[in-house]
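Take a look at the structure below.
The values are calculated or read from the model by the stated rules, or taken from the named source; none is laboratory data. Owing to the predicted nature of the structure, the values given are computational and were not obtained by experimental measurement. Don't worry about glycine lacking a Cβ; one is built from the backbone with ideal geometry, like all the others, and counts go over all protein chains shown. To get the accessible areas, we keep the full protein, side chains included, count just its heavy atoms, and leave off ligands, DNA and RNA. Shrake-Rupley method; radii C 1.70, N 1.55, O 1.52, S 1.80 Å.
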Amino acid sequence: MGEHTPAKSTKAAKGTGEGAAKKATGKRAAPKKAPAKTAAKTEVKQAAGTKAAAKPESRLAMVRRARRMNRELAELYPYAHPELDFENPFQLLIATVLSAQTTDLRVNQTTPALFAAYPTPEDVAAADPEVLEDLLRPTGFFRAKTKAVQGLSVAIRDRFGGEVPGKLADLVSLPGVGRKTANVVLGNAFGVPGLTVDTHFGRLVRRFGWTEQEDPDKVEAEIAEIFPKSEWTMLSHRIIFHGRRVCHSRKPACGACALAPLCPSYGEGELDPDKAKKLLKYELGGQPGQRLKPPPDYPGRPAPRLEGR
């Protein structure tokens with residue numbers, strides 16, 4: 001027992017000495033440096049707290065930002081256009097229906113042979129389904145698409161005198177034609193403004209914070225309230241262009257995006273400018289476009305024809 005007494009006294013003295021030193025100097029011992037991982041987690045939590053505390057964007061501010069983004073897109077893509085090759089309303093209607101579940105490029109590579117053999121609704125309506133299926137095979141789901149194009153061709157022949165109707169209600173009454181397809185035809189073949197809510201359009205307007213809707217019809221209705229009607233068709237082209245070239249689904253090229261300062265989703269994709277630049281597609285990436293016959297002001301190269309056609 002006696003042998004342990006000095007140890008207690010020494011420990012007590014040591015503690016007393018440290019306490020005295022603290023009182024004498026008025027300083028505390030320097031805290032241990034937090035591990036790098038802990039510090040990083042703290043920074044993330046602080047950033048999240050700051051973001052959560054930020055004032056929500058008002059409706060007016062969102063509309064102003066959206067319209068400014070549209071102006072930026074207009075400067076970035078002054079040559080924006082429908083990326084389906086067509087020469088008349090019927091060709092555009094057929095090409096748009098065929099573009100489901102495939103690329104515009106593959107449709108453009110397929111339709112020259114189709115329209116050379118069957119140039120009018122009457123021709124398509126009377127065609128041998130097996131021959132049509134063979135022509136449409138490259139676009140995928142060719143049996144269903146054959147039924148669709150023949151069905152709408154019969155309806156145009158029998159109900160509209162062989163002419164594609166220029167009204168939304170008439171177009172959506174055709175077999176296989178929904179609002180998206182109807183708006184493509186109205187906006188680009190008849191000059192009637194319309195919003196084309198495809199997968200690119202829907203993805204981007206949600207990323208931009210213009211809407212939270214998922215249903216295409218609801219997306220169309222909300223975006224229509226933000227922009228004047230005269231902008232609808234070109235807005236659609238610009239957004240779809242941007243979605244295909246820069247703001248990709250899985251890995252957007254944020255570091256090469258002109259809209260970065262205005263986009264609430266900035267940072268979801270690649271931020272390094274050099275790496276982001278390598279993600280750019282079509283004319284922005286030095287690659288061919290989707291049209292075999294692009295407009296004269298298109299700055300990129302035409303797409304190649306399909307081998308054997």
Inset, instruction - Determine whether the range 246-264 contains at least one residue that is open to solvent by less than 20 Å² (accessible area, probe 1.4 Å), part of a loop (DSSP other than H, G, I, E, B) and touching a residue at least 60 places away in the same chain (Cβ under 8 Å). - result: yes
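Can Glu220 be described as assigned to a helix (DSSP H, G or I), open to solvent by 40 Å² or more (accessible area, probe 1.4 Å) and either among the acidic types (Asp, Glu) or at pLDDT 95 or above (or both)?
Taking the combined requirement at face value, the residue does not satisfy it.
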Inset, instruction - Output yes when any residue across the range 272-292 is at pLDDT below 95 and either surrounded by 13 or more Cβ atoms within 10 Å (Cβ to Cβ) or of a type in the set (Lys, Arg) (or both), and no when none is. - result: no
Inset, instruction - Count, please, the residues in the range 125-148 that happen to be open to solvent by less than 40 Å² (accessible area, probe 1.4 Å), of a type outside the set (Ser, Thr, Tyr) and under 18 Å from Leu306 (Cβ atoms). - result: 7
Inset, instruction - Any chance you could count how many residues in the range 31-79 are closer than 30 Å to Leu195 by Cβ and either among the β-branched types (Val, Ile, Thr) or at pLDDT 95 or above (or both)? - result: 23
Legend entry - Failed condition for Phe241, given (1) in a loop (DSSP other than H, G, I, E, B); (2) under 13 Å from the mean Cα position of the chain (by Cα); (3) in contact (Cβ under 8 Å) with a residue 12 or more places away in the chain: (1)
Inset, instruction - Report whether or not Glu163 is under 21 Å from the mean Cα position of the chain (by Cα), within 26 Å of Phe90 (Cα to Cα), open to solvent by 20 Å² or more (accessible area, probe 1.4 Å) and of a type outside the set (Ser, Thr, Tyr). - result: no
Inset, instruction - Keeping to the range 265-302, report how many residues are free of Cβ contacts under 8 Å to residues at least 60 places away in the same chain and charged (D, E, K, R). - result: 9
Legend entry - Any chance Ser153 is farther than 30 Å from Pro56 by Cβ, open to solvent by less than 10 Å² (accessible area, probe 1.4 Å), part of a helix (DSSP H, G or I) and polar (S, T, N, Q): yes
Inset, instruction - Have a look at Gln91, Gln109 and point out the one that is buried (at least 18 other Cβ atoms within 10 Å of the Cβ), under 27 Å from the mean Cα position of the chain (by Cα) and in contact (Cβ under 8 Å) with a residue 40 or more places away in the chain. - result: Gln109
Legend entry - Hey, Val184 in contact (Cβ under 8 Å) with a residue 40 or more places away in the chain, among the aliphatic types (A, V, I, L, M) and either farther than 30 Å from Met62 by Cβ or open to solvent by 10 Å² or more (accessible area, probe 1.4 Å) (or both) or not: yes
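Could you list, in sequence order, all residues of the range 88-114 that are closer than 17 Å to Asn183 by Cα and outside any helix (DSSP H, G or I)?
Just the residues of the range 88-114 that are closer than 17 Å to Asn183 by Cα, to begin with: 88-100, 104.
Scanning the range 88-114 gives Asn88, Ser99, Ala100.
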Inset, instruction - Among residues belonging to the range 178-217 that are outside any helix (DSSP H, G or I) and of a type in the set (A, V, I, L, M), point out the one that is nearest to His248 (Cα to Cα). - result: Val197
Inset, instruction - Kindly provide the set of residues from the range 282-291 that are within 19 Å of Gln109 (Cα to Cα) and either part of a loop (DSSP other than H, G, I, E, B) or of a type in the set (A, V, I, L, M, F, W, C) (or both), ordered by number. - result: Gln287, Gly289, Gln290, Arg291
